[in-house]
1. Just to be sure I understand, how many residues within segment 62-75 are open to solvent by less than 10 Å² (accessible area, probe 1.4 Å) and touching a Phe, Trp or Tyr at 6+ places or on another chain (Cβ under 8 Å)?
2. Select from segment 255-301 the residues that are of a type in the set (A, V, I, L, M) and over 29 Å from the mean Cα position of the chain (by Cα) and write down the one among them that is most open to solvent (accessible area, probe 1.4 Å).
3. For the subset of segment 253-298 comprising residues that are in contact with a Leu (Cβ under 7 Å, 6 or more places away or on another chain) and not in a helix (DSSP H, G or I), which member is nearest to R201 (Cα to Cα)?
4. What about S230, is it under 30 Å from A184 (Cβ atoms), among the polar types (S, T, N, Q) and in contact with a Phe, Trp or Tyr (Cβ under 9 Å, 6 or more places away or on another chain)?
5. Could you tell me which numbered condition K247 fails, if it satisfies all but one of (1) surrounded by 13 or more Cβ atoms within 10 Å (Cβ to Cβ); (2) in a helix (DSSP H, G or I)?
6. Mind listing whichever residues of segment 112-122 are open to solvent by 20 Å² or more (accessible area, probe 1.4 Å), within 23 Å of V132 (Cβ to Cβ) and either modelled with pLDDT of 95 or more or in a helix (DSSP H, G or I) (or both)?
7. Could you tell me which residue of segment 78-102 is nearest to Y164 (Cα to Cα), considering only residues that are open to solvent by less than 20 Å² (accessible area, probe 1.4 Å) and in a loop (DSSP other than H, G, I, E, B)?
Amino acid sequence: MTPLRSSNPSNRTPAMRRRVPLLLLGLLDAFAASPVLRAPSRVPSRAGVAMTLREPGGELDRHNPVFDRFILQRAVQTQIYYLNELHDQPNARFLGQFGDHEGLDEYHGFDGLNAEPENYISSLLATPPIKVGVSSWSSVRFGGSPGNPHLPKREMKTHDFMVYPDRIGQGLLRCRDQIAKETAADLDVLASCDVDFWRRRETGIAPTLDFGSADGDSSPTRRATFDLISKLTLHVAVKQTLGAMSKEADGEQLSARHLWLEQRFAESGFLMGDRGFNTAGKFLEALACKDELLIEGSVINAHQIANEILDARQLLAKHYKKRLPGVDEQGTQHQLLG
């Protein structure tokens, strides 16, 4: 997830981007799995994402932007990937830096976008064309090797290039639609994985994840997106579970299991930021590998806590899936206004 390249950047249609071969799927996955991943240099760090803590099964705050931001973030990262594969670095660089998000293309976390989704898109579509300078080496004459010391030295030349943010924005809307459709299917996959969690852990059989979309085409970033969906939903599910546990408090004193889970959550960095691949899986495994613990005279059942988190995440998956159909409508409204 290499497509044909148009000599005219304005003629690069979404259909051309969809022809990116799926063989390139592993490139992003290998990058995402790398132990050393750079966080965005200018994305502000957050101590936590504001969540409405409710008992699992209770209604979630439908105005919470974390999931909507995540979908747009993955669309931006995927669009940058497509542009780079098309060797369209000027447009890729502009999109990567737009809205003070430099470094977002290499960020493997769910909290990389620091803007409200619709404000980000509206601002991008309303940005007038920009002339940028593009530098390139002069071509080598006579078919000589670039390293041949007997040939004249190559010169760096600079020429003007027009960036059309509104066209980038229209492509981004189509990309967001694709990410939303894939995420809707992958949320079902995540829920089935949670249902089968303990059996798979006992047998040691890893789940078979089918990332083929209904259209027979997948985005090149889909596997990495699934990993981040798993982390985002787990992050919120743990907060939901802690919210339910807070009702077990004896006056001002939180329960022992609340304090235990809260400490595990803090040690994981609240599952936020760029912490590499499979962060959610490692967190769940750290809970599941324990059974009953005796801490300061209180018995804590770690397996029960893990089940409560998994139950909360299944409800979250259903809730988030219901939010996704509106993505197409929002994109259509932007296109009509454009």
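1. Here the count works out to 4.
2. Taking segment 255-301 as the starting set, the residues that turn out to be of a type in the set (A, V, I, L, M) are 256, 259, 261, 266, 271-272, 280, 284, 286-288, 293-295, 299-300.
Those left that are additionally over 29 Å from the mean Cα position of the chain (by Cα): 256, 259, 293-295, 299-300.
Details: A256: 35, L259: 72, L293: 42, L294: 133, I295: 60, V299: 102, I300: 2 Å².
Here the answer is L294.
3. G276
4. Answer is no for this residue.
5. (1)
6. Correct list: S122 only.
7. D88
For (1) of a type in the set (F, W, Y); (2) at pLDDT 90 or above; (3) in contact with a Gly (Cβ under 7 Å, 6 or more places away or on another chain), each residue gets a yes or a no:
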{"site": "E102", "(1), (2), (3)": "no, no, yes"}
{"site": "Y107", "(1), (2), (3)": "yes, yes, no"}
{"site": "F110", "(1), (2), (3)": "yes, yes, no"}
{"site": "G133", "(1), (2), (3)": "no, no, no"}
{"site": "K153", "(1), (2), (3)": "no, no, no"}
{"site": "R174", "(1), (2), (3)": "no, yes, no"}
{"site": "D177", "(1), (2), (3)": "no, yes, yes"}
{"site": "A180", "(1), (2), (3)": "no, yes, no"}
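The values are calculated or read from the model by the stated rules, or taken from the named source; none is laboratory data. Because the structure is predicted, anything quoted here is derived from the model rather than measured. Every residue, glycine among them, receives a Cβ derived from its backbone with ideal geometry; neighbour counts consider all protein chains shown. For accessibility, only protein heavy atoms count, side chains too; no ligands or nucleic acids. Shrake-Rupley method; radii C 1.70, N 1.55, O 1.52, S 1.80 Å.
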